[in-house]
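In what follows, a single structure is set out as structure tokens and then discussed.
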Amino acid sequence: MYKLVKVEDVVRIPPNKLSEPIEDAALEVLRKELEGTIDPKLGYIIAVINVENIGLGRIIPGDGATYHDVIFTVLTFQPMLQEVVEGEVIEVLNFGVFVRLGPLDGLCHVSQITDDFITYDSKRSALIGRETGKVISENDRVRARIVAVSLKGGSRSGKLGLTMRQPFLGKIEWIKEEVKRIEAEKEEKKGERKGM
């Protein structure tokens, strides 16, 4: 889930930035330090949007920088357990598929793709269901549910576990086929009731 979040923190403005307007210097420092990082509470920090308030600076002996209390807004991606997400398959391996979900990638293990037995076709770089013939390969659009989230602070990558083994999850084409099948069954039942 994408969120705009207000954050209160302290920013260190280095001496070479003190000649610039303080808000501009703080914004530049915050962007350099935070964008592309992961905070355990905020999630993946995509962008520092603005600096809303910056306090008077403090000087610490031995450091030529100034330290300011600051309130700023960030755009984050916070994956939530059980959230349904859509993304693009970016890599297919014998053990599963990696799905790009905005700024982070998630892994859907082969055991979590379908109820069918799946084999890996290295020539096509695809996973294929033995009985259904369903194929999943790179660039396919998929819908999945997040079942595991591991976001360690400071790191530039988190780990997301995904499942597609639930109704209306999986490759988008599979979902469309399932919806058509259900609609056809409903129409058939309506026809049977009218014929009685």
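Picking from residues in region 93-126 that are within 27 Å of Phe77 (Cβ to Cβ) and either touching a helix residue (DSSP H, G or I) at 6+ places or on another chain (Cβ under 7 Å) or acidic (Asp, Glu) (or both), the one that is surrounded by the fewest Cβ atoms within 10 Å (Cβ to Cβ) is Phe95.
Okay, residues lined up against (1) modelled with pLDDT of 95 or more; (2) in contact with a Pro (Cβ under 8 Å, 6 or more places away or on another chain); (3) part of a strand (DSSP E or B); (4) not assigned by TED's automatic domain parsing to the domain that holds Arg165:
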residue	(1), (2), (3), (4)
Ile71	yes, no, yes, yes
Glu88	yes, no, yes, no
Val92	yes, no, yes, no
Phe98	yes, no, yes, no
Asp105	no, no, yes, no
Cys108	yes, no, yes, no
Thr114	no, no, no, no
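Name the single residue, out of those in region 66-82 being hydrophobic (A, V, I, L, M, F, W, C) and in contact with a helix residue (DSSP H, G or I) (Cβ under 8 Å, 6 or more places away or on another chain), that is farthest from Met164 (Cα to Cα). Give the derivation first.
Filtering region 66-82 for residues hydrophobic (A, V, I, L, M, F, W, C) gives 70-72, 74-75, 77, 80-81.
Now narrow it down to the ones that are in contact with a helix residue (DSSP H, G or I) (Cβ under 8 Å, 6 or more places away or on another chain): 70, 72, 74.
Details: Val70: 42, Phe72: 37, Val74: 31 Å.
Here the residue is Val70.
Pairs are defined by a Cβ separation below 9 Å, a sequence spacing of at least 6 or placement on different chains, a first member in region 48-64 that is farther than 30 Å from Tyr2 by Cβ, and a second member that is assigned to a loop (DSSP other than H, G, I, E, B) and among the small types (Gly, Ala, Ser); the pairs so defined are Gly57/Ala65; Ile59/Ala65. Tallying residues that are loosely packed, with under 14 Cβ neighbours inside 10 Å and among the aliphatic types (A, V, I, L, M) within region 48-59 yields 2. If only residues of region 44-65 that are aliphatic (A, V, I, L, M) and in contact with a helix residue (DSSP H, G or I) (Cβ under 7 Å, 6 or more places away or on another chain) are counted, the one that is farthest from Ser111 (Cα to Cα) is Ala65.
Could you please find all residues in region 1-25 being outside any strand (DSSP E or B), touching a residue at least 24 places away in the same chain (Cβ under 8 Å) and not β-branched (Val, Ile, Thr)? Once the filter is applied, which keeps residues that are outside any strand (DSSP E or B), touching a residue at least 24 places away in the same chain (Cβ under 8 Å) and not β-branched (Val, Ile, Thr), region 1-25 yields Met1, Pro14, Pro15, Leu18, Glu23.
When region 10-43 is limited to residues that are of a type in the set (Asp, Glu) and under 28 Å from Asp105 (Cβ atoms), the one that is surrounded by the most Cβ atoms within 10 Å (Cβ to Cβ) turns out to be Asp39. Does Glu138 satisfy the criteria of being among the acidic types (Asp, Glu) and under 23 Å from the mean Cα position of the chain (by Cα)? Taking the combined requirement at face value, the residue satisfies it.
Test of understanding: among Arg141, Arg130, which residue is exposed (fewer than 14 other Cβ atoms within 10 Å of the Cβ), out of contact with any Lys or Arg (no Cβ under 8 Å at 6 or more places or on another chain), charged (D, E, K, R) and in contact (Cβ under 8 Å) with a residue 12 or more places away in the chain?
On the way: Arg141 fails: out of contact with any Lys or Arg (no Cβ under 8 Å at 6 or more places or on another chain).
Only one candidate qualifies: Arg130.
Quick check: anything in region 10-23 within 25 Å of the chain's Cα centre (by Cα) and hydrophobic (A, V, I, L, M, F, W, C)? Among the residues of region 10-23, not one is within 25 Å of the chain's Cα centre (by Cα) and hydrophobic (A, V, I, L, M, F, W, C), which makes the answer no.
The values are calculated or read from the model by the stated rules, or taken from the named source; none is laboratory data. Computed from a prediction, not measured in an experiment: that's the story for all the values here. All Cβ positions, even for glycine, are placed from backbone atoms using ideal geometry, and neighbour counts span all protein chains on display.
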